[in-house]
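Chemist: Structure provided below as structure tokens; questions to follow.
The values are calculated or read from the model by the stated rules, or taken from the named source; none is laboratory data. Computed from a predicted structure; not experimentally measured. Every residue, glycine as well, gets a Cβ built from its backbone with ideal geometry; the counts of neighbours run over all protein chains shown. With ligands, DNA and RNA removed, areas are computed over all heavy atoms of the protein, side chains included. Shrake-Rupley method; radii C 1.70, N 1.55, O 1.52, S 1.80 Å.
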Amino acid sequence: MPTPPLIPLVDLAGPIQALRPELERRISALIERGEFVGGAAVSVFESAFAAYLGTPHCVGVASGTDALTLALRAAGVGPGDEVIVPAFSFVATAEAVLLAGAVPRFVDVEIDTALLSLGAVQAALSHRSRAVIAVHLYGRMMELEPLVTWCRDHGLRLVEDAAQAHGARRSGRAAGTVGDLGAFSFYPTKNLGGLGDGGAVVSADPGYARAVRLLANHGRNEEGRHERAGTNSRLDAIQAVALELRLQGLDVDNERRRQVALRYTDALADLPRLVLPVATGHESHVHHLFVVRTPERDLLAEHLGRAGIGTGVYYREPLHLMPAFRDLGYQAGAFPAAEQLAREVLALPMHPTLSRESQDRVIDAVRGFFLARGTEL
Ligand SMILES: *Cc1c(COP(=O)(O)O)cnc(C)c1O
């Protein structure tokens, strides 16, 4: 019997093939003009992304990590400050705080959604608290209104880490545009991905946008003077033309992801040892990843691997227990939900071009695992 083709967790080449002729034409034009960093292509993308999100300002930068770091710096975060950060996220969320010169103050997340717990944020307030980072993990947009109000009442800035949530919306407002500043990554695996690294900061506040633009370009102001010590974090023109093209298909891609998620949910809902992502408003989730939970996570991953199905663990270690943040002095047991998630989460294949046939194979393999273990209803 021929072995069935592998089903990768993500497919970076597939979704971009249809765009290749136009992409190659746009890149040739840049080479022709000698336009490589900054320039018209970058401004065009910045305007298009701001318009798509429905916010006035967008500044392209070199990565999502830089977007977070520069957003914090623009918001006035620096040495001596604490930034409240969920204990369960990609490492960059906490790295950015250290890169801005401040200290991350970890708090637990909600077990059902893996999103920041408002009660935990409130309990972590100290006289050093300066900002909160809300992460729209896996593509699920957090309900931000209560946090916005609380941050305003306590003089804290709210930065959204929207690196996994391009195009997610709640009550018509896009992820990244509700807090003081929003940070995006365009790393190739993200819902809006480039041909390399890239990122952006968005804000409704012209002062914050100006500060990010200045800091990202060596602190250089409109008169060409170096006003503050900044860094080099610019979006390059090739990324900008690719991102502007892919932005046109983002809503369609996100809708395809939702269809895959619906199909998985319908087909796996009855398995008692498997926890599926909780349902939310249609628009609010863009399914960057489809993450299930089970105490048998590692066995399930092995079983799927044997069936040629790629999976991933996002994330195997909560931030507070990473060696990188050892100096902050957190202990195991500090954040039970984050620690349980790290033990139980597993991402199933999810991308806009995942075929129905592949979806069926994933579903059959997951069902087969629980059936064989005699735990199915
Ligand atoms: C990808 C990601 C980042 C960092 O983005 P890079 O472009 O890789 O630097 C930050 N936060 C979250 C939640 C991410 O998924």
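Chemist: Please list, by residue number, every one of the trypsin sites (Lys or Arg not before Pro) in segment 63-139 that is coil in DSSP and has at most 15 other beta-carbon atoms within 10 Å.
Modeler: Answer in residue order: ARG128.
Chemist: When all protein chains stay in place, what accessible area (Å², nearest 10, 1.4 Å probe) is found for LEU348?
Modeler: 0
Chemist: Most fluctuating residue of ALA334, ALA237, ALA131 in a GNM of the chain with Cα springs under 10 Å: which is it?
Modeler: For the chain, modelled as a Gaussian network with Cα springs under 10 Å, the answer is ALA334.
Chemist: Report, by chain and number, residues whose modeled amide H sits under 5 Å from the one on GLY219, excluding near sequence neighbours (fewer than 5 apart, same chain).
Modeler: Amide H to amide H, under 5 Å and 5 or more residues apart or across chains, GLY219 pairs with GLY230, THR231.
Chemist: Counting pairs of Cα atoms in segment 1-63, how many percent are more than 14 Å apart?
Modeler: Here the long-distance tail beyond 14 Å is 73 percent of all Cα pairs in segment 1-63.
Chemist: Gaussian network model of the chain, Cα springs within a sub-10 Å range: biggest mean-square fluctuation belongs to which of ALA13, ALA162, ALA67?
Modeler: ALA13
Chemist: Then there is this: Using θ = phi - 60° and the Karplus relation 6.51 cos²θ - 1.76 cosθ + 1.60, list the HN-Hα couplings for segment 319-328 in order, rounded to whole Hz, with x at every Gly or Pro.
Modeler: 4, 5, 9, 6, x, 4, 10, 3, 4, 6
Chemist: Only Cα pairs within less than 10 Å get springs; with that Gaussian network setup on the chain, which residue of ARG170, ARG213, ARG273 has the largest fluctuation?
Modeler: Comparing ARG170, ARG213, ARG273 in a Gaussian network model of the chain, the most mobile one is ARG273.
Chemist: Something else: Can you give the Rg and Dmax of segment 274-377 based on its C-alpha atoms, in angstrom?
Modeler: 15.8, 48
Chemist: Separate question: Write down, largest first, the equivalent ellipsoid semi-axes of the chain in whole Å, where each equals the square root of 5 times an eigenvalue of the alpha-carbon gyration tensor.
Modeler: One finds semi-axes of 34, 28, 17 Å for the chain.
Chemist: I would also like to ask the following. Bin width 10 Å, alpha-carbon pairs only: give the P(r) of segment 174-304 as whole percents, running from 0 to the bin holding the largest distance.
Modeler: 10, 28, 29, 19, 11, 3, 0
Chemist: Each residue of segment 92-108 in order: what ³J(HN,Hα) in whole Hz does its phi give by Karplus 6.51 cos²θ - 1.76 cosθ + 1.60, θ = phi - 60°, with x for Gly and Pro?
Modeler: Once θ is set to phi - 60°, the couplings for segment 92-108 become 4, 4, 7, 4, 4, 5, 5, 5, 7, x, 9, 10, x, 10, 6, 9, 6 Hz.
Chemist: Specify the inter-centroid distance of segment 78-114 and segment 244-292, based on alpha-carbon positions, in whole Å.
Modeler: 26
Chemist: Another question, if that's okay. Taking Rh as the Kirkwood radius computed over C-alpha pairs, what is the Stokes-Einstein D of segment 1-130 at 25 °C in a medium of viscosity 0.890 mPa s, expressed in µm² per second? Kindly include the intermediate steps, with their values, before the conclusion.
Modeler: Details: Rh = 18.6 Å.
It comes out at roughly 132 µm²/s.
Chemist: Roll a 1.4 Å probe over the protein chains and send me the accessible area per residue for segment 157-272 in Å².
Modeler: Details: 4490 Å² over 116 residues.
That works out to 39 Å² per residue.
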